[in-house]
Amino acid sequence: MNSPRHFISLLDLTSAEIRTLIQRAIELKNTRHPDFQPLKGQVLGMIFEKSSTRTRISFEAGMTNFGGSAIFLSPRDTQLGRGEPIKDSAKVISSMVDAIMLRTNDHATVTEFAKYSSVPVINGLTDLLHPCQLLADMQTYFEHRGDIQGKTVTWIGDGNNMCHSYINAAIQLDFNLQIASPNGYLPDADIVNSAGSRVQLFSSAKQAANGADLIATDVWASMGQEHEQQLREQAFKDYQVTQEVMDNANANALFMHCLPAHRGEEVAAEVIDGQQSVIYDEAENRLHAQKALLELLMCT
């Protein structure tokens, strides 16, 4: 039996596959056929250690659109939440479903789960990476501006899982990434170094925005970091995406945020609700990009 194909990181696909997947996502978005059910009779197991709006709805709706079904499992619903070895859970759950999506805290949970799973495993978010969101972000850029190759993207804020996946996207889709993060919140040095000259670090949000075609950010305190809110507010106070920051980018630059957003913290209301913002297209594209991903992993 062939080993299943997993999607733990953007690096699990080739550059050509990512571009093909993005075009397929756009096609699925623009031409919806209710009778097209490539996953009819198939089941996606969705394991959540962290709550979610967009991840759960997009995967569940995507499976339903494709004629399949999805099972939602919270930590209270599985023995995994009670300390069952990941190996045992992976072997058992994968024997009963056709693919598994995990949204979890520790990245090692997903990599170990994939090691013992007999079906494709999708990373729905870990503390290290958020590759599904990047598929949606890249689809959104392609829809509005065309191919991102050779363009300049700016990440402002925490060097977190989103930032890491933007670095991987820069590698795979060949764009320049300018990152502005405060000391103590920089992205992982090994991940930064893996991108070579494509990534540059800045200490100023305005400097990082210079010449940007896309500016993206995320909340200052992610889920599970709420106790650090006041500390982070102080550290990130000069890293808000304001209109002044956007004005330092190219005139047709887009603004993205993976949501949920805190207006007045990481982004000014006039930016996120302004004409350059494409956050709602970006959120909707989670559905379409993931349908293309499910088709790739489960139909081939």
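Can Thr126 be described as in the same structural domain as Asn248 (by TED's automatic domain parsing) and surrounded by 24 or more Cβ atoms within 10 Å (Cβ to Cβ)? Break it down stepwise before answering.
Numbers: in the same structural domain as Asn248 (by TED's automatic domain parsing): no; surrounded by 24 or more Cβ atoms within 10 Å (Cβ to Cβ): yes.
No, not satisfied.
The lone criterion from (1) at pLDDT below 95; (2) closer than 30 Å to Ala253 by Cα; (3) polar (S, T, N, Q) left unmet by Thr78 is number (2).
Residues that are over 12 Å from Phe7 (Cβ atoms) and hydrophobic (A, V, I, L, M, F, W, C) within the range 98-118 comprise Ala108, Phe113, listed in sequence order.
Name the residue, out of Gln234, Gln207, that is in a helix (DSSP H, G or I), free of Cβ contacts under 8 Å to residues at least 12 places away in the same chain and of a type in the set (S, T, N, Q).
Selected residue: Gln234, the only one of Gln234, Gln207 that is in a helix (DSSP H, G or I), free of Cβ contacts under 8 Å to residues at least 12 places away in the same chain and of a type in the set (S, T, N, Q).
If a residue has to be of a type in the set (A, V, I, L, M, F, W, C) and not in a helix (DSSP H, G or I) to count, how many in the range 130-168 make the cut?
Adding up the residues that qualify gives 4.
For the range 43-63, which positions are out of contact with any Gly (no Cβ under 8 Å at 6 or more places or on another chain), surrounded by 21 or more Cβ atoms within 10 Å (Cβ to Cβ) and β-branched (Val, Ile, Thr)? Ile47, the sole residue that qualifies.
Pairing residues of the range 277-300 that are within 21 Å of Asn252 (Cα to Cα) with residues that are of a type in the set (Ser, Thr, Tyr) and in a helix (DSSP H, G or I), at Cβ distances under 7 Å and at least 6 apart in sequence or on separate chains, gives Val278/Thr140; Asp281/Thr140; Glu282/Thr140; Asn285/Thr140.
Report, by residue number, each residue of the range 22-41 that is surrounded by fewer than 20 Cβ atoms within 10 Å (Cβ to Cβ) and either part of a helix (DSSP H, G or I) or in contact with an Asp or Glu (Cβ under 8 Å, 6 or more places away or on another chain) (or both).
The first filter runs over the range 22-41 and keeps only residues surrounded by fewer than 20 Cβ atoms within 10 Å (Cβ to Cβ), leaving 23-24, 26-27, 29-38, 40-41.
Within the range 22-41, Gln23, Arg24, Ile26, Glu27, Lys29, Asn30, Pro38 qualify.
Applying the criterion of being surrounded by 14 or more Cβ atoms within 10 Å (Cβ to Cβ) and small (Gly, Ala, Ser) to the residues of the range 206-240, the residue that is nearest to the chain's Cα centre (by Cα) is Ala216.
What do you reckon, is Gln178 touching a residue at least 40 places away in the same chain (Cβ under 8 Å), in contact with a helix residue (DSSP H, G or I) (Cβ under 7 Å, 6 or more places away or on another chain) and polar (S, T, N, Q)? It is false that Gln178 is touching a residue at least 40 places away in the same chain (Cβ under 8 Å), in contact with a helix residue (DSSP H, G or I) (Cβ under 7 Å, 6 or more places away or on another chain) and polar (S, T, N, Q). Within the range 133-160, residues that are without any contact (Cβ under 8 Å) to a residue 24 or more places away in the chain have Cβ atoms under 7 Å from residues that are of a type in the set (Phe, Trp, Tyr) and surrounded by 24 or more Cβ atoms within 10 Å (Cβ to Cβ) in no pair, counting only partners at least 6 apart in sequence or on another chain.
Taking the range 89-132 as the range and being without any contact (Cβ under 8 Å) to a residue 12 or more places away in the chain and touching a Ser or Thr at 6+ places or on another chain (Cβ under 9 Å) as the test, only Ala108 passes.
When residues in the range 250-271 are screened for being closer than 15 Å to Arg145 by Cα, in a loop (DSSP other than H, G, I, E, B) and either touching a residue at least 12 places away in the same chain (Cβ under 8 Å) or not hydrophobic (A, V, I, L, M, F, W, C) (or both), 3 of them pass.
The single condition among (1) of a type in the set (S, T, N, Q); (2) in contact with a strand residue (DSSP E or B) (Cβ under 8 Å, 6 or more places away or on another chain); (3) buried (at least 17 other Cβ atoms within 10 Å of the Cβ) that Ser203 does not satisfy is (3). The numbered conditions (1) surrounded by 24 or more Cβ atoms within 10 Å (Cβ to Cβ); (2) of a type outside the set (Phe, Trp, Tyr); (3) under 25 Å from Asp218 (Cβ atoms); (4) more than 18 Å from the chain's Cα centre (by Cα) are all true for Ser117 except (3).
Condition first: among the acidic types (Asp, Glu) and farther than 19 Å from Met162 by Cβ. Now tell me which residues in the range 79-122 satisfy that. Outline the logic, then answer.
First, pick out the residues of the range 79-122 that are among the acidic types (Asp, Glu): 84, 88, 98, 106, 112.
Answer for the range 79-122, where residues must be among the acidic types (Asp, Glu) and farther than 19 Å from Met162 by Cβ: Glu84, Asp88, Asp98, Glu112.
Restricting the range 42-77 to residues that are of a type in the set (Val, Ile, Thr) and part of a strand (DSSP E or B), the residue that is farthest from Thr31 (Cα to Cα) is Ile47. Kindly indicate the residue of the range 182-197 that is in a loop (DSSP other than H, G, I, E, B) and among the hydrophobic types (A, V, I, L, M, F, W, C) and also farthest from Ala221 (Cα to Cα) among those meeting that condition. Here the answer is Ala195.
The values are calculated or read from the model by the stated rules, or taken from the named source; none is laboratory data. None of the values given here were measured: they were computed from a predicted structure. Glycine gets a Cβ as well: all are built from the backbone with ideal geometry, and neighbour counts include every protein chain shown.
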